[in-house]
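The values are calculated or read from the model by the stated rules, or taken from the named source; none is laboratory data. Because the structure is predicted, anything quoted here is derived from the model rather than measured. In this analysis, Cβ positions are derived from the backbone assuming ideal geometry, glycine residues included, and neighbour counts consider all displayed protein chains. Heavy atoms of the whole protein, side chains included, go into the accessibility calculation; ligands, DNA and RNA do not. Shrake-Rupley method; radii C 1.70, N 1.55, O 1.52, S 1.80 Å.
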Amino acid sequence: MLQIRGINAVSIVAPSDQSFPVTKVAACLEGDSGITHLCFVHCETTTGVVNPLRPMVELATRHGVRTIIDAMSSFGAVETSAREVPFDVLVTSSNKCIEGPPGVSFVVASLETLDSKTSETNSFVLDVRDQWRNFEQTGEWRSTPPTHVVQACAKALEELAIEGVVRRGERYASVRDAVIRATGPYASPLLDPRDRSPVCLALTARDIVRTQEDLDALYAHLVEYNLYIYTKLHLPTRSFRIGCMGCIDPMWIRLLGIAFEDFFSASFDESGSHPGPPYNRLMEKGHLTCQETMPTPK
Ligand SMILES: *Cc1c(COP(=O)(O)O)cnc(C)c1O
């Protein structure tokens, strides 16, 4: 994105299954006094790593470098305080942990940053300062206001305020842990417990899910249970992801455990025969009763 906009940038490459090495960033900032901004992801959605927000911001601040944080998949579920962590700019949007519809993005920045006239912008659409000034001066959007999305988003923020960020994070973490338990016999979490975000979980099942084709087969199997996970295998780690955000019914996690059992035991089954329609078998096994609300099969 920076290249397209003609902005000079260096990237720091690090393994995606560990939290970010602050020492590597320190070495980079010490070695290059031309660096003015540091941009990084708070929660790395690909693997579910939570990166060390405070040490990174403190390091940058010591070097007089401004910080831009992609908090897309942490904001709303991982506590982030602008008072405690003096970042310069934090960006997120309505459609992840805020649990609103897609369509609104948020920028959290100091008034001083918003007011500064030091740099020219090269975009109309992305000119958040111009939009902010317009809000301040006229109370208006610069373009047609996305009224429905804003109303739904305001409602989502109201519900977040009621639940609270800490409790929402705990709710997601308990979904994550329930998914780990339900899939435990067949798949393992990619990350050390201390690096795991509550927001999404990367799993590996290295004997069975080695290629994208293997994951396609697991995906197609889960669809039979009306369960949908992220479709792409992350090749460097051979992991696949299950999201924990949103309003997840504990029933779906039980169903996921059963679906995994069926898939992985069938994979070991020498006859290779498909075990048959899932709902009937769930009834037979007594896992489900007719009184339970079932998701509608496709
Ligand atoms: C989802 C996500 C994005 C992209 O968000 P969009 O809503 O698709 O623009 C960027 N960064 C991170 C860390 C994300 O999780």
Between Arg62 and Trp132, what FRET efficiency comes out of the Förster formula 1/(1 + (r/R0)^6) with R0 = 22 Å and r the beta carbon distance, rounded to 0.05? 0.15
For Cα pairs less than 8 Å apart in space and 6+ apart in sequence, what is the mean separation divided by the residue count of region 165-284, i.e. the relative contact order in percent? 28 percent
The chain: relative contact order in percent, alpha carbon pairs under 8 Å with at least 6 residues between: 15 percent
I want to make sure I understand the PRE zone here: with the label point 7 angstrom from the Cα of Met1 toward its beta carbon, which residues in region 68-84 have backbone N atoms less than 12 Å away? 68-73
With a 1.4 Å probe and all protein chains kept in place, how much accessible area does His63 have, in Å² rounded to the nearest 10? 70 Å²
Rounded to the nearest 10 Å², what accessible area does Asp32 show when all protein chains are kept and the probe is 1.4 Å? 60 Å²
For region 165-284, max minus min Cα coordinate along each principal axis, in Å, sorted largest first? 48, 36, 21
Accessible area (Å², per residue) of region 22-161, counting only protein heavy atoms and a probe of 1.4 Å: 57 Å²
Just to make sure I understand: if all protein chains stay in place, what is the order of Lys117, Lys24, Lys96 by accessible area at 1.4 Å, largest first? Lys117, Lys24, Lys96
Translational D in µm²/s for the chain (Stokes-Einstein at 20 °C, 1.002 mPa s, Kirkwood Rh from C-alpha pairs): 98 µm²/s
Cα to Cα, under 16 Å, and not fewer than 8 places away if on the same chain: which aspartates and glutamates meet these conditions relative to Lys24? Asp32, Glu58
Note down the accessible area of Tyr230, probe 1.4 Å, to the nearest 10 Å². 120 Å²
Working with all protein chains in place, sort Arg176, Arg238 by solvent-accessible area computed with a 1.4 Å probe, largest first. Arg238, Arg176
Alpha carbon centre of region 116-152 versus region 186-231: separation in Å? 39 Å
May I ask you to give the percent of accessible area on the chain that is carbon plus sulfur, with a probe radius of 1.4 Å? 55 percent
Per-residue ellipticity at 222 nm attributable to helices in the chain (runs of n ≥ 4 DSSP H, -39500 (n - 2.57) apiece, nearest 500 deg cm²/dmol) works out to -11500 deg cm²/dmol
What is the spin-label model distance, in nm, from His37 to Arg54 if the labels are put 7 Å beyond Cα along the C-beta direction? 2.6 nm
Under unit Cβ charges (Lys, Arg +1; Asp, Glu -1), what dipole magnitude, rounded to 20 debye, does the chain have relative to its Cα centre? 160 debye
GluC sites (Glu not before Pro) within region 112-181: which are DSSP loop residues with at most 10 other Cβ atoms inside 10 Å? Glu120, Glu140
